[in-house]
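Values quoted throughout were computed directly from the atomic coordinates according to the rules given, and no laboratory measurement underlies them. Note that the coordinates shown come from a computational prediction; the quantities given were computed from them, not determined experimentally. Cβ: placed from backbone, ideal geometry, glycine included. Neighbour counts: every protein chain shown.
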């Protein structure tokens with residue numbers, strides 16, 4: 001694999017997943033040093049090493065302070081949540097939103113919100129209702145964007161779906 005910035009072979013391969021989107025970075029040794037991923041060669045001035053150490057300690061303290069911040073409603077801290085695996089109240093979801101986002105994404109393979117399950121006996125009618133809601137939103141968007149031909153197509157699709165009987169999958 002080649003470096004993203006030049007034609008040299010990549011020695012650093014980094015993959016980040018954020019909001020379900022995968023970002024890959026491939027860098028050669030030189031560009032990895034420039035990005036601060038690989039420490040530079042040779043002795044560094046002591047003041048530069050101390051500065052890096054102090055900055056890293058401040059970052060650690062901020063992270064610890066954030067993790068100790070608790071829910072104003074029930075007093076649960078994020079550290080305690082990690083130990084128990086249960087949130088204390090509905091307000092916890094808002095307080096720990098930033099920390100829970102990544103956790104939920106990893107748990108749901110990149111999904112960021114709950115989709116739920118559909119009972120098999122009601123699956124067709126619920127799918128039909130969702131389709132009607134989606135088409136109605138698209139119709140509103142098309143009208144506001146003055147895409148009248150698209151709006152007419154969506155209107156016809158909506159009328160067809162609304163005329164169908166919920167249990168009938170073959171059509172009107």
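Structural remarks
- Cα Rg over Rh - segment 120-163, Kirkwood: 1.08
- Between residue 7 and residue 52, the modelled labels are 3.2 nm apart [label points 7 Å from Cα along Cα→Cβ].
- Using a Förster distance of 25 Å, the FRET efficiency for residue 83-residue 35 (Cβ separation, nearest 0.05): 0.10
- Note on residue 97 and residue 141: the extension gain reaches 12.9 nm, defined as 0.36 nm multiplied by sequence separation minus the Cα-Cα distance.
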